[in-house]
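A.B. asks: Have a look at the structure that comes next, please.
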Amino acid sequence: MVMKKNHYKVLGLMSGTSLDGIDIACCTFTIRSDRWKFTIDEAETIPYPAKWKKRLTDAYSLSGNDLAELNTLYGRYLGEVCQSFIVKHSIRQIDCIASHGHTVFHQPSYGYTLQIGDGNSIHAITGLPVVYDFRSLDVALGGQGAPFVPIGDHFLFAEYDVCLNLGGIANLSCVERGKRIAYDICFVNMSLNYLTQKVGKDYDHNGTMASDG
């Protein structure tokens, strides 16, 4: 039997297309009077070591066997990152880990998408329940798989007409004819990082270069 609670503590993991690092956050979700609220209790970005940055950059060219191995190794690495984060911030009573993984292939028009970072390996390291592979079902049902959290927009930010995410790629979600729809728009941080790398920087820290035009 599934026991319903009015609050959940969740550890969230995300690796973006810009490969800056692993974004990790501990959030508490609470429902009161049929309205969900949330707090961000702890959050940080863990920069990728050069070894992992290269592995993930080259992942698209691997053989099936090597990609399967990387999926497991990366899952264990994510599990170790979670363990370090939990100890560092003395976090207790986590309900689950929600891990997006790192996108290697994403072709929704052909009906497939792949995010590596094996959830079972994360569980093996942390001993915590793990929720993962968020995009595949949406793509299988004919969606774009991006953005992958329109349901979160719906329950947490319903008062806004449009929820806009400025990540490596910009995407939005909104309600149209009574249904929430979501889709990608254009490159953002991917193109900005490409330009800053031309002058020897990984990214435009605090938007300093952009603010100078």
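A.B. asks: Is the shape of the chain rounded, prolate or oblate, going by the alpha carbon gyration tensor and its root eigenvalues a ≥ b ≥ c, with a/c under 1.5 for rounded and a/b larger than b/c for prolate?
C.D. replies: Rounded, because the longest to shortest axis ratio a/c is under 1.5.
A.B. asks: Pull out a ≥ b ≥ c, the square roots of the eigenvalues of the alpha-carbon gyration tensor of the stretch 115-211, then state rounded if a/c is under 1.5, prolate if not and a/b is larger than b/c, and oblate in the remaining case.
C.D. replies: Because a/c hits 1.5 or more and a/b fails to exceed b/c, the stretch 115-211 counts as oblate.
A.B. asks: Given a 1.4 Å probe and every protein chain left where it sits, what share in percent of the accessible area of the stretch 130-205 is carbon and sulfur?
C.D. replies: 59
A.B. asks: List the residues whose amide H sits under 5 Å from the amide H of residue 204, counting only those 5 or more places along or on another chain, with H placed 1.01 Å from N in the peptide plane.
C.D. replies: When sequence neighbours closer than 5 places are left aside, there are no close amide H contacts.
A.B. asks: How much solvent-accessible surface does residue 40 expose, in Å² to the nearest 10, with a 1.4 Å probe and all protein chains in place?
C.D. replies: 110
A.B. asks: Under a straight-distance cross-link criterion of Cα-Cα below 20 Å, which lysines are reachable from residue 5, leaving out those fewer than 8 residues away in the same chain?
C.D. replies: List returned: 37.
A.B. asks: Which order do you get for 181, 22 if you rank them by accessible area with a 1.4 Å probe, largest at the top?
C.D. replies: 181, 22
A.B. asks: Right, another one. Mind putting a number on the dipole of the chain about its Cα centre? Charges go on the C-beta only, +1 for Lys and Arg and -1 for Asp and Glu, and I need it in Debye to the nearest 20.
C.D. replies: Roughly 400 debye, rounded to the nearest 20.
A.B. asks: Shifting gears a bit: Give the lysines whose C-alpha is closer than 22 Å to that of residue 88, dropping any in the same chain fewer than 8 places away, or say none.
C.D. replies: 9
A.B. asks: With θ taken as phi - 60° and the coefficients 6.51, -1.76 and 1.60, list the Karplus ³J(HN,Hα) couplings across the stretch 64-75 in order, rounded to whole Hz; mark glycine and proline as x.
C.D. replies: In residue order, the calculated couplings are x, 5, 5, 5, 5, 5, 5, 4, 6, 4, 5, x Hz.
A.B. asks: Picking from 120, 134, 144, whose Cα lies most toward the positive end of the charge dipole for the stretch 82-200 (charges on Cβ: Lys, Arg +1; Asp, Glu -1)?
C.D. replies: Going by the Cα projections, it comes out as 120.
A.B. asks: Quick query: amide H of residue 21 versus all other amide H atoms, modeled in the peptide plane; which residues come in under 5 Å with a sequence gap of 5 or more or a different chain?
C.D. replies: 16, 48
A.B. asks: Quote the accessible area belonging to residue 138 in square angstrom, nearest 10, computed with a 1.4 Å probe and with ligands, DNA and RNA left uncounted.
C.D. replies: We get 70 Å² for residue 138.
A.B. asks: Enumerate the amide H contacts of residue 131 below 5 Å, restricted to partners 5 or more residues apart or on another chain; note that Pro and chain-start residues carry no placed amide H.
C.D. replies: HN-HN under 5 Å from residue 131: 97, 98, 99.
A.B. asks: Give, rounded to the nearest 20 debye, the magnitude of the charge dipole that the stretch 123-213 has about its Cα centre when Lys and Arg contribute +1 at Cβ and Asp and Glu contribute -1 at Cβ.
C.D. replies: Here the stretch 123-213 has a charge dipole of around 160 debye.
A.B. asks: So how do 192, 172 rank on accessible area, 1.4 Å probe, biggest first, that is with the largest at the start?
C.D. replies: Largest to smallest exposure gives the sequence 192, 172.
A.B. asks: Given +1 on the Cβ of Lys and Arg, -1 on the Cβ of Asp and Glu, and no further charges, what dipole in debye does the stretch 64-133 carry about its Cα centre, rounded to the nearest 20?
C.D. replies: 260
A.B. asks: Report the accessible area of residue 112, computed with a 1.4 Å probe over the heavy atoms of all protein chains in place, in Å² rounded to the nearest 10.
C.D. replies: Per-residue accessible area (residue 112): approximately 110 Å².
The values are calculated or read from the model by the stated rules, or taken from the named source; none is laboratory data. Just so it is clear, the model here is predicted, and its values are computed rather than measured. Using ideal geometry, Cβ is built from the backbone for each residue, glycine included, and neighbour counts are taken over all protein chains shown. For accessibility, only protein heavy atoms count, side chains too; no ligands or nucleic acids. Shrake-Rupley method; radii C 1.70, N 1.55, O 1.52, S 1.80 Å.
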